[in-house]
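Just below is one structure, and these are the notes that go with it.
The values are calculated or read from the model by the stated rules, or taken from the named source; none is laboratory data. Here the structure is a predicted model, which is why all the values come from computation and not from measurement. Positions of Cβ are generated from backbone atoms using ideal geometry, with glycine treated the same way; all protein chains shown enter the neighbour counts. For accessibility, only protein heavy atoms count, side chains too; no ligands or nucleic acids. Shrake-Rupley method; radii C 1.70, N 1.55, O 1.52, S 1.80 Å.
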Amino acid sequence: MQYKKMQKYKDLIKDFIQPLLPSKPYCSDGNACPTVIRTQKHAIRYPQIQINSPFS
C-alpha cells in the first residue's frame, strides 16, 4: 500500500512539476543545510526545490 502511494507522488512530480523546473534548480535537504545547484534529475530527490527560475 505504501509503495503505491509513493509511486503516485513520483508520477505527479514527473508529469506536472518537473517540466516547470529550471534546468538547474537550487535545492536543499532542509533549513539547516546549504542550498546547492543540481540538475533536474538530481534535484527532484531533495525535499526543497526552487520552482521558479532565477530571473523571476
### Message
Cβ-Cβ distance below 7 Å, separation of 6 or more or different chains: which pairs start in region 1-19 with a residue that is under 12 Å from Ile44 (Cβ atoms) and open to solvent by less than 100 Å² (accessible area, probe 1.4 Å) and end on one that is at pLDDT 75 or above and in a helix (DSSP H, G or I)?
### Response
Gln18/Gln40
#### Entry: region 26-42, subset assigned to a loop (DSSP other than H, G, I, E, B) and under 24 Å from Asp11 (Cβ atoms), residue least open to solvent (accessible area, probe 1.4 Å)
Thr39
